[in-house]
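Worksheet: one structure, shown below.
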Amino acid sequence: MNRADLTAEFQQLLVREAWLLDNGMLDEWLEMFADNVRYWMPVRTDLQRGKEDFARKHLVAHIDDDKAGLVTRVRRMQSGDTFTEEPPPRTRHLITNILVVESDETSAKVVSNFLLFRSHTTMEDILLIGCREDRWRRVNSRWQIEERLIVLDHKSVKVLSMLF
C-alpha cells in the first residue's frame, strides 16, 4: 500500500475513533486498542524545544494505563456514579495533521494533533490541545493501537476523566 493510501486509512480510523468518543460508544472505542496497549500522558516540564525525551518509559504521568486500566476508566465513566460524567458531558474531538511517520506490513507509527472540547453542567468548559503519537499493529487484518502517547500543550490540567 502506498503512503497516501495508508495515510487515508489512518485518517479514517482516527476520525472514527473521535466519532465513537463523541457519541459515547466507549465499548467500541476500547476495541481499537490491543490487549498489550500502553495509553499514557506524561507530565511535561518546561524544557527547550527538542529537549523533551518521551522515549523514557518511566516518566511521571497524568495517565499511564494498560488495557485493564482503560477498561476500568471506561466502566467508571459508564457507571453513573461519577459526578463529572452524569449527565454525560458534551465532547468534541478534532483530529488533524495526521502523518504516518513509519510503517511496514504489520506496524505503523502515526502522529496527529488534537483539540478536545468538553462541556459539563458541573464545571467550566474545557479546551485541550496537544498531539498524539500512536504505534499501531495489524492483527488479523485489523489495525489496533499498541501504544498511545498523549502530549498536552498546557502547563496544567484541571480534569483528566477524559479520553484522548
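The values are calculated or read from the model by the stated rules, or taken from the named source; none is laboratory data. Keep in mind that what you see is a predicted model, and the values were worked out from it rather than measured. Cβ coordinates were reconstructed from backbone atoms using ideal geometry, including for glycine residues, and neighbour counts include every protein chain displayed. Accessible surface areas use protein heavy atoms only, side chains included; no ligands, DNA or RNA. Shrake-Rupley method; radii C 1.70, N 1.55, O 1.52, S 1.80 Å.
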Unmet criterion (only one of (1) touching a residue at least 24 places away in the same chain (Cβ under 8 Å); (2) farther than 29 Å from Asn36 by Cβ) for Ser156:
(1)
Which condition number in (1) under 22 Å from Met32 (Cα atoms); (2) open to solvent by 50 Å² or more (accessible area, probe 1.4 Å); (3) not in a strand (DSSP E or B) is the one that Glu102 fails?
(3)
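Here is a check on your reading of the model: is Glu28 touching a helix residue (DSSP H, G or I) at 6+ places or on another chain (Cβ under 6 Å), of a type outside the set (A, V, I, L, M) and modelled with pLDDT of 90 or more?
It is true that Glu28 is touching a helix residue (DSSP H, G or I) at 6+ places or on another chain (Cβ under 6 Å), of a type outside the set (A, V, I, L, M) and modelled with pLDDT of 90 or more.
Just for region 113-129: of the residues that are under 16 Å from the mean Cα position of the chain (by Cα) and surrounded by 19 or more Cβ atoms within 10 Å (Cβ to Cβ), which one is modelled with the lowest pLDDT? Break it down into steps so the answer makes sense when it comes.
To start, the set of residues in region 113-129 that are under 16 Å from the mean Cα position of the chain (by Cα) comprises 113-118, 127-129.
Within this subset, residues satisfying the condition of being surrounded by 19 or more Cβ atoms within 10 Å (Cβ to Cβ) are 114, 116, 118, 128.
Details: Phe114: 97, Leu116: 91, Arg118: 85, Leu128: 88.
So, considering only residues that are under 16 Å from the mean Cα position of the chain (by Cα) and surrounded by 19 or more Cβ atoms within 10 Å (Cβ to Cβ), the one modelled with the lowest pLDDT is Arg118.
Taking the conditions exactly as written (open to solvent by less than 80 Å² (accessible area, probe 1.4 Å), among the polar types (S, T, N, Q), modelled with pLDDT under 75 and assigned to a loop (DSSP other than H, G, I, E, B)), does Thr82 satisfy them or not?
Working: open to solvent by less than 80 Å² (accessible area, probe 1.4 Å): yes; among the polar types (S, T, N, Q): yes; modelled with pLDDT under 75: yes; assigned to a loop (DSSP other than H, G, I, E, B): yes.
Judged against the criteria, Thr82 is a match.
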Does Val60 qualify as being open to solvent by 30 Å² or more (accessible area, probe 1.4 Å), among the aliphatic types (A, V, I, L, M), at pLDDT 95 or above and over 15 Å from Gln144 (Cβ atoms)?
no
Pair list, Cβ under 7 Å, 6 or more apart: region 12-32 residue within 17 Å of Trp136 (Cβ to Cβ), other residue open to solvent by 60 Å² or more (accessible area, probe 1.4 Å) and in a helix (DSSP H, G or I):
Leu20/Glu28
